1. Note down the relative contact order for the chain as a percent, whole number, built from C-alpha pairs under 8 angstrom at least six residues apart.
2. Tell me, how many Å apart are the Cα centres for segment 1-73 and for segment 239-295?
3. Please list, in order, the residues from segment 138-154 whose amide nitrogen is less than 18 Å from a point placed 7 Å along the Cα→Cβ vector of ASP77.
4. Please state the shape class of segment 85-137: rounded when a/c is under 1.5, otherwise prolate if a/b exceeds b/c and oblate if not, all from the C-alpha gyration tensor.
5. How would ARG4, ARG25, ARG120, ARG163 rank on accessible area, largest to smallest, probe 1.4 Å?
6. With charges only on Cβ, +1 for K and R and -1 for D and E, what is the dipole size of the chain about its Cα centre, in debye, rounded to 20?
7. For every helix of n ≥ 4 consecutive DSSP H residues, a contribution of -39,500 (n - 2.57) applies; sum these over the chain, divide by its total residues, and give [θ] at 222 nm rounded to the nearest 500 deg cm²/dmol.
8. Provide the gained length on full extension for the span ALA311 to ALA96, in nm with one decimal, where the gain is 0.36 nm per separating residue minus the Cα-Cα distance.
Amino acid sequence: MSSRAPIRVAVTGAAGNIGYAAIFRLASGAVFGPDQPVALNLIEVGPGLDALAGVRMELEDAAFPLLADVVTTGDLDEGFRGADWCLLIGAVPRKAGMERKDLLGINGKIFVGQGQAIARSAKPTVRVLVVGNPCNTNALIALRAGGLGEDRVFAMTRLDENRAKAMLAAKAGVHVSAVRNVGIWGNHSATQFPDFANATVGGKPATQAIADHAWLRETFIPAVQQRGAAVIKARGASSAASAANAALDTLRSLHFPTPAGDWHSVAVLSDGSYGIAKGVIFGFPVRTKADGSWEIVQGLTLDAFAREKVAITEKELLEERATASEALGLAL
Ligand code: NAX
């Protein structure tokens, strides 16, 4: 094994569908590269803990050369101890008859406890990616409850970016790798705004490569927004392998510098860029710099149509923040 210190990744919900699809690829070196050992701290609750014992056996049976250590636990402090990255996937799913407010309250409590445990037990330089829904507001709760660094907490919008790229590629008749500069603005929800106007296809504006602008405005946007529901309808279960893949894409894109001229989508604490309200975890186009820090891409044009869409998702996030603050008795 390489003599480098392992990167320790804590994963909640590790025996769930997304967790199970993510951890084997983390252990294989697919995220941090073939010379970078990885240690996994796998966290579960309830029946998930029994399943986790089996997952641990499978990790052993995979004999990964880069896997330096595996911790399996139901204890948050043990789970987050020494973590460089926390991948917060575990959450209670919304059940029939449950209002969004109820979900924010139930999951909000989980993310209060997790944010505080991360602050106590992870490395001071830890970075946190929240996948469990409602991921933007859960990330804000963990950030504020734990007093975590404002540049260290992220929520996942990469699955939406990847879905948008695939749809633009199919419409333009090109391979998905030709589509770049796709930003997802706002909430990981049906109000998100997948920005086609700044996207490029083969180096040209997507609005040139795709002449059908009515399709971009009226078909593409709702198709991206509703893609998760379409997968549930077809598969009978929510996106799992593609969600795990997007979580790993996010980690990789935040770990390595972004290629010149491109960006990636992730939700971060708004600093007021583009006039968006400060203090919500908002999806932006982001670039990772050579020193490992990141920045919101500046100077993009948002026309009146885009501004209108961005305002809708901003309003939803402000409402979620108010609802969660009230449900948790916290000033978020
Ligand atoms: P599963 O129900 O398959 O797995 C969740 C796992 O989390 C279970 O094993 C459960 O025991 C565990 N868990 C629950 N509460 C926990 C806690 N407090 N601490 C540790 N573990 C806990 O769901 P899965 O399909 O893996 O989805 C997980 C989450 O991802 C859901 O909230 C889902 O809504 C969200 N998603 C987010 C996406 C995004 O783009 N941000 C897309 C996919 C997915 O819908």
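The values are calculated or read from the model by the stated rules, or taken from the named source; none is laboratory data. This is a predicted model, so every value here is computed, not measured. Reconstructed Cβ throughout: ideal geometry from the backbone, glycine too, with neighbour counts over all protein chains shown. Just the protein is used for accessible areas: all its heavy atoms, side chains included, with ligands, DNA and RNA removed. Shrake-Rupley method; radii C 1.70, N 1.55, O 1.52, S 1.80 Å.
1. Relative contact order here is 16 percent.
2. 23
3. Residues 146-147 fall inside that zone.
4. Values: a/c = 3.29, a/b = 2.30, b/c = 1.43.
Here segment 85-137 falls in the prolate category.
5. ARG120, ARG4, ARG25, ARG163
6. Roughly 420 debye, rounded to the nearest 20.
7. The helix-only estimate for the chain comes to -13500 deg cm²/dmol at 222 nm.
8. My answer for the length gained is 74.5 nm.
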